[in-house]
1. Out of the residues in the range 141-174 meeting the condition of being small (G, A, S) and crowded, with 18+ Cβ neighbours inside 10 Å, tell me which one is modelled with the lowest pLDDT.
2. Quick one: how many residues across the range 86-125 are out of contact with any helix residue (DSSP H, G or I) (no Cβ under 8 Å at 6 or more places or on another chain) and either over 30 Å from S205 (Cα atoms) or not in a strand (DSSP E or B) (or both)?
3. Is there a residue in the range 138-160 that is under 16 Å from E111 (Cβ atoms) and assigned to a strand (DSSP E or B)?
4. Looking at the range 177-191, can you tell me whether even one residue there is hydrophobic (A, V, I, L, M, F, W, C), modelled with pLDDT of 95 or more, surrounded by 14 or more Cβ atoms within 10 Å (Cβ to Cβ) and under 14 Å from the mean Cα position of the chain (by Cα)?
5. Name every residue in the range 106-140 that is surrounded by 21 or more Cβ atoms within 10 Å (Cβ to Cβ) and not charged (D, E, K, R), in order of residue number.
6. I want to confirm something. Restricting to the range 200-220 and keeping residues that are assigned to a loop (DSSP other than H, G, I, E, B) and farther than 19 Å from I134 by Cβ, which single residue is modelled with the highest pLDDT?
7. Among the residues of the range 90-118 satisfying the criterion of being at pLDDT below 90 and of a type in the set (A, V, I, L, M), which is nearest to the chain's Cα centre (by Cα)?
8. Counting only residues that are basic (K, R) and free of Cβ contacts under 8 Å to residues at least 60 places away in the same chain, how many does the range 108-139 have?
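The values are calculated or read from the model by the stated rules, or taken from the named source; none is laboratory data. The structure presented is a predicted model; accordingly, all values stated were derived computationally and were not measured. Glycine gets a Cβ as well: all are built from the backbone with ideal geometry, and neighbour counts include every protein chain shown.
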Amino acid sequence: MKKIIVVLVVALVSLSQGWSQGQGRAGLSYGLGGSFDVLNPINTGAYLTGMSFFAEFPRSASVVPYGKIGYYLPTKVEDPAGATLIAIDDMTNPYQSSAKLETKISTFSLEGGTRYYLGNDYDIGLAGVLETKIRVLVSPVSSVVGDYDETKYRLETNLADKYTSISLFAGFGAGIKYSQPWGTLFTMAGLDLYIISNAVTPVTSLMLFSVQVGYRRDLY
């Protein structure tokens with residue numbers, strides 16, 4: 001956990017320095033936008049959908065630091081084994097049973113990095129986009145046990161009802177954008193690599209694949 005905090009502080013300081021240096025360059029002030037996002041923790045079978053909002057602070061016409069915050073809708077993952085139940089009375093038949101067990105996971109994403117515009121400027125026409133980034137996923141997790149007869153059975157082990165997983169990733173992305181006076185449309189795909197986490201969840205993965213489609217408005 002301490003390692004995560006140290007890395008976050010260093011990254012945020014670096015980004016803030018880039019943003020302060022970038023404002024006012026290339027005739028640009030900043031850009032605000034949003035996107036529809038799909039996040040796939042590879043090899044988990046989960047697809048998280050959500051929305052993100054971001055701000056961009058051009059350092060030049062082609063180098064643009066950015067910060068982004070997103071929220072993904074809760075997903076539920078069922079444990080095939082279920083929750084084990086043990087009879088309160090030794091004479092109960094069956095002595096051992098099971099109940100449905102699901103893990104509910106909500107996900108918040110904090111992201112920062114730098115975008116590089118290729119073939120055209122940040123706010124002009126069609127251009128390719130490359131980005132390098134760090135991402136932090138904050139995931140509140142809760143266990144949900146299905147209905148069972150609590151007068152006859154108890155849970156074999158106490159389940160952790162609620163906890164929060166904080167995971168750090170580093171990654172890169174690529175895409176295209178198209179700018180006109182009314183704004184910028186873009187699509188991006190990215191890959192994030194796992195670094196560290198304080199707790200794992202059923203959708204924790206060593207790699208995250210993401211796709212986003214969005215809109216940005218430039219403010220001069």
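1. S165
2. Summing the residues that are out of contact with any helix residue (DSSP H, G or I) (no Cβ under 8 Å at 6 or more places or on another chain) and either over 30 Å from S205 (Cα atoms) or not in a strand (DSSP E or B) (or both) in the range 86-125 gives 19.
3. Checking the range 138-160: at least one residue is under 16 Å from E111 (Cβ atoms) and assigned to a strand (DSSP E or B).
4. Scanning the range 177-191, I find at least one residue that is hydrophobic (A, V, I, L, M, F, W, C), modelled with pLDDT of 95 or more, surrounded by 14 or more Cβ atoms within 10 Å (Cβ to Cβ) and under 14 Å from the mean Cα position of the chain (by Cα), so the answer is yes.
5. Selection gives T107, S109, G112, G113, Y117, Y122, A127, I134, L137, S139.
6. Step by step, filter the range 200-220, then rank; the result is V203.
7. Filtering the range 90-118 for residues that are at pLDDT below 90 and of a type in the set (A, V, I, L, M), the one nearest to the chain's Cα centre (by Cα) comes out as L101.
8. 2
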